[in-house]
Amino acid sequence: LSASEHFDAGTDKFAAGDLAGAEESFRAALRLDPRHADAHFSLGQLLANKGDLEGAEDSLRSALDVDPNDADCCFALALILKQRGDMDSAEVYYEAAIRGDPEYLD
């Protein structure tokens, strides 16, 4: 399977509640394409759902390394940083999310 096919499978598994299967698929996508921003983002969301905030932060930062203007990713990272108690960094990413998509003000 291609990276995109693994990503799509991971998305389906995540939606169905199969977190272990989704994580395996996202990681398979990233082995094939380490710059697959959507796989990094989705893995970050999955890890956050599992309570692995450090892993979530790492994955979201990797997604932003590929696409630094992704407002959704900036917002997700801000939430993780806030949960981890890093309010200064969270504010930076909240502001970046708002710059990228003013809808985050609502």
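The values are calculated or read from the model by the stated rules, or taken from the named source; none is laboratory data. Everything numeric here is computed off the predicted structure, so don't read it as measured data. FYI the Cβ positions are ideal-geometry reconstructions off the backbone, even for glycines, and counts take in every protein chain you see. To get the accessible areas, we keep the full protein, side chains included, count just its heavy atoms, and leave off ligands, DNA and RNA. Shrake-Rupley method; radii C 1.70, N 1.55, O 1.52, S 1.80 Å.
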Helices (runs of 4 or more DSSP H) within segment 48-106 that include 1 or more residues closer than 21 Å to ALA29 by Cβ: 53-66, 71-83
Would you confirm whether any residue within segment 45-68 is farther than 18 Å from ALA96 by Cβ and among the hydroxyl-bearing types (Ser, Thr, Tyr)? no
Is it fair to say ASP88 is open to solvent by 60 Å² or more (accessible area, probe 1.4 Å), more than 18 Å from GLU23 (Cβ to Cβ) and under 15 Å from the mean Cα position of the chain (by Cα)? no
Of the conditions (1) modelled with pLDDT under 95; (2) open to solvent by 80 Å² or more (accessible area, probe 1.4 Å); (3) over 14 Å from the mean Cα position of the chain (by Cα); (4) of a type outside the set (A, V, I, L, M, F, W, C), GLY100 clears all except one; give me its number. (2)
For segment 39-71, which positions are farther than 15 Å from SER89 by Cβ and of a type in the set (Asp, Glu)? ASP52, ASP65, ASP67, ASP70
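Of all residues in segment 35-52, count the ones that are open to solvent by 40 Å² or more (accessible area, probe 1.4 Å) and either hydrophobic (A, V, I, L, M, F, W, C) or touching a residue at least 12 places away in the same chain (Cβ under 8 Å) (or both). Let's see the steps before the verdict.
Kept after step one, since they are open to solvent by 40 Å² or more (accessible area, probe 1.4 Å), are these residues of segment 35-52: 35, 38, 41, 45, 49-52.
Still in the list and also either hydrophobic (A, V, I, L, M, F, W, C) or touching a residue at least 12 places away in the same chain (Cβ under 8 Å) (or both): 35, 38, 41, 45, 49-50.
Matching residues across segment 35-52 total 6.
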Quick one: what pairs do we get from segment 17-32, first residue more than 16 Å from GLY44 (Cβ to Cβ) and open to solvent by 60 Å² or more (accessible area, probe 1.4 Å), second in a loop (DSSP other than H, G, I, E, B) and of a type outside the set (A, V, I, L, M, F, W, C), C-beta under 8 Å, 6+ apart or different chains? LEU32/SER2
